[in-house]
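Handing you this structure, nothing more for now.
The values are calculated or read from the model by the stated rules, or taken from the named source; none is laboratory data. None of the values given here were measured: they were computed from a predicted structure. Neighbour counts are summed over all protein chains in view; Cβ atoms, including those assigned to glycine, are modelled from backbone coordinates with ideal geometry.
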Amino acid sequence: MTEADVGAVLRDAMMVILKLGGPLLIAGLVVGVVIAMLQAATQINDASLIFVPKLLALAAVLALLGPFMLAVLGAFTTHLFDRIIAIGGT
């Protein structure tokens, strides 16, 4: 396995990380900003107010994108195992 192969696997791993974590992070960020603006406008300073909407948003994103995330992770795992087998066979 050459340095280029290691770099390709690392690049693929970083893309999988972005595909799996990106939608959750973006949803949490958007809900957090909206609730923070609502709190600033109404002057309600309760730290626990943001927890439930953010939890619901993350659950919705997981429900909508869960099959996509599972397919991405499965494809990467299969590709990685195929690479391991190819290395062991030579």
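Residue 39 versus (1) surrounded by 14 or more Cβ atoms within 10 Å (Cβ to Cβ); (2) touching a residue at least 12 places away in the same chain (Cβ under 8 Å): which is the lone unmet condition?
(2)
Would you call residue 34 hydrophobic (A, V, I, L, M, F, W, C) and loosely packed, with under 12 Cβ neighbours inside 10 Å?
Numbers: hydrophobic (A, V, I, L, M, F, W, C): yes; loosely packed, with under 12 Cβ neighbours inside 10 Å: no.
No: the conditions fail for residue 34.
Also, I was wondering about something else. Tell me which residues, restricted to region 5-54, are assigned to a loop (DSSP other than H, G, I, E, B) and either of a type outside the set (S, T, N, Q) or at pLDDT 90 or above (or both).
44, 46, listed by residue number.
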